[in-house]
Amino acid sequence: DGGITQSPKYLFRKEGQNVTLSCEQNLNHDAMYWYRQDPGQGLRLIYYSQIVNDFQKGDIAEGYSVSREKKESFPLTVTSAQKNPTAFYLCASSTHRGQETQYFGPGTRLLVL
Amino acid sequence: AQSVTQPDIHITVSEGASLELRCNYSYGATPYLFWYVQSPGQGLQLLLKYFSGDTLVQGIKGFEAEFKRSQSSFNLRKPSVHWSDAAEYFCAVSREKLTFGTGTRLTIIP
């Protein structure tokens with residue numbers, strides 16, 4: 001089955017800790033994205049990558065970092081600089097960036113202890 | 001800047017009744033238009049999309065949407081809702097970047 005997987009489903013972060021959210025896709029898509037979702041708000045773009053070894057900041061990149069060493073993988077690190085990390089994080093991919101349809105993973109809920 | 005407005009935060013509909021969810025967008029040219037559905041604690045599933053051509057678009061689960069250029073709208077409809085349709089619905093537009101509305105939560109009552 002082709003699709004996008006995210007792990008873990010739930011993640012707990014302590015003060016001052018960095019945590020990494022995993023996103024893997026086997027759709028052979030070039031572009032991948034990370035979104036943050038807060039209650040009552042739409043999705044906001046954190047980072048995106050159009051190709052391996054390249055990524056760009058989205059609208060709310062502060063306190064986050066990413067890497068794109070493989071086409072299939074686009075991990076997101078929530079750093080200690082992100083002061084309000086509690087949210088639902090969604091990974092998506094598309095054939096390439098632009099008007100193409102984005103397909104989403106099941107999400108990771110990050111909670112602060 | 002492009003923007004998407006979903007004016008209804010929460011809608012309650014009786015099972016078997018018809019449904020219309022509203023979506024208006026602001027953009028200089030006609031963008032690509034999408035409707036996604038999200039069940040609690042889940043990711044987003046694509047219901048349908050409009051790129052060009054016929055302005056009435058059919059999607060999965062019996063949903064359809066109509067693009068009206070003159071009104072900058074892309075409303076989602078279903079003739080008869082089922083209890084399983086209870087979820088959050090997001091309209092989105094894309095020209096280079098995908099921009100989401102704030103969502104409409106749909107509750108179904110028996």
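The values are calculated or read from the model by the stated rules, or taken from the named source; none is laboratory data. It should be emphasised that the depicted structure is a prediction, and the values quoted were computed from it without experimental measurement. As a convention, Cβ positions derive from the backbone with ideal geometry for all residues, glycine included, and neighbour counts pool all protein chains shown.
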Of all the residues that make up the range A:1-37, how many are modelled with pLDDT under 95, surrounded by fewer than 17 Cβ atoms within 10 Å (Cβ to Cβ) and among the charged types (D, E, K, R)?
-> 4
Please report, ordered by residue number, the strands (runs of 3 or more DSSP E) entirely within the range A:45-110 with at least 2 residues that are under 15 Å from residue B:96 (Cα atoms).
-> A:54-57, A:87-94
Residue identified as of a type in the set (Lys, Arg), surrounded by fewer than 13 Cβ atoms within 10 Å (Cβ to Cβ) and at pLDDT 95 or above among A:83, A:57, A:70 | A:70
Specify which of the listed residues (B:37, B:13) is more than 15 Å from residue B:98 (Cβ to Cβ) and free of Cβ contacts under 8 Å to residues at least 60 places away in the same chain.
-> B:37
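Conditions (1) within 11 Å of chain B (Cβ to nearest Cβ); (2) closer than 24 Å to residue B:33 by Cα, marked per residue:
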position: A:5; (1), (2): yes, no
position: A:16; (1), (2): no, no
position: A:35; (1), (2): yes, yes
position: A:84; (1), (2): no, no
position: A:91; (1), (2): yes, yes
For residue A:74, all conditions in the list (1) in contact with a Leu (Cβ under 8 Å, 6 or more places away or on another chain); (2) among the hydrophobic types (A, V, I, L, M, F, W, C); (3) under 26 Å from residue B:35 (Cα atoms); (4) more than 14 Å from every other protein chain (Cβ to nearest Cβ) hold save one; what is the number of the exception?
-> (1)
Scan the range A:41-94 residue by residue and report those that are closer than 18 Å to residue A:5 by Cβ and free of Cβ contacts under 8 Å to residues at least 24 places away in the same chain.
-> A:67, A:69, A:70
With the range B:8-48 as the region, which strands (runs of 3 or more DSSP E) entirely inside it contain at least 1 residues that are among the aliphatic types (A, V, I, L, M), under 12 Å from the mean Cα position of the chain (by Cα) and within 12 Å of another protein chain (Cβ to nearest Cβ)?
-> B:32-38
Within the range B:62-110, considering residues that are aromatic (Phe, Trp, Tyr), within 13 Å of the chain's Cα centre (by Cα) and not in a loop (DSSP other than H, G, I, E, B), the one nearest to the other protein chains (Cβ to nearest Cβ) | B:100
